[in-house]
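**Q** Sharing a structure, written as structure tokens. Questions coming.
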Amino acid sequence: MANTMKSAPAATIDAYIAGFPKDVQDILQQVRATIQQSAPDAGEKISYGIPTFTLHGKNLVHFAAFKHHIGFYATPTGQEAFRKALSVYKTGKGSVQFPLDQPMPLGLITRIVQFRVKEVTARRR
């Protein structure tokens with residue numbers, strides 16, 4: 001990760017975001033706010049060293065900043081459900097890279113998070 005912090009991993013999402021240059025912080029805050037609005041009951045934590053949103057004790061999505069992109073992790077199910085929409089980005093199993101030099105696809109992030117909320121809530125029942 002491109003985190004500029006040289007010490008131990010961040011303990012909070014605020015601390016994680018603070019470790020990046022201002023322009024990247026702004027993008028991370030946009031992604032965070034989009035997730036918060038899409039999953040208002042979700043909790044926040046650091047998991048695997050990166051910002052993570054949880055619901056009913058399950059991970060919903062993760063995101064992270066790198067030198068040239070924002071990594072977004074919606075688990076393989078969220079990735080698979082939006083395969084066509086994500087096909088314009090570099091992807092891996094359960095991950096997608098949103099380039100920092102392009103506008104963040106906040107509408108797409110919203111739809112993916114809403115999908116994950118429904119999925120996690122349905123599994124809980």
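**Q** For LYS90, go through the aspartates and glutamates and keep the ones whose alpha-carbon is under 16 Å away, minus same-chain ones fewer than eight residues off.
**A** Result set, ordered by chain and number: GLU80, ASP101.
**Q** Straight-line reach from LYS45: which aspartates and glutamates fall under 13 Å, measuring Cα to Cα and dropping same-chain residues less than 8 apart?
**A** ASP14
**Q** Please list, in chain and number order, the residues 5+ apart from VAL61 or on another chain whose amide H is under 5 Å from its amide H, with Hs placed from the backbone.
**A** Correct list: PHE53.
**Q** For helix 106-124, what angle does its Cα long axis make with the longest principal axis of the chain, in degrees from 0 to 90 and rounded to 10?
**A** Compared with the principal axis, the helix lies near 50 degrees.
**Q** Across 10 Å bins from 0, what is the distribution of all Cα-Cα pair distances for the chain, in whole percents?
**A** Per 10 Å bin, starting at zero, the Cα-Cα P(r) for the chain comes out as 13, 48, 33, 6, 0 percent.
Computed from the coordinates by the stated procedures, all read-outs in this text should not be read as laboratory data. Worth saying up front: this structure is predicted, and the values here are computed from it rather than measured.
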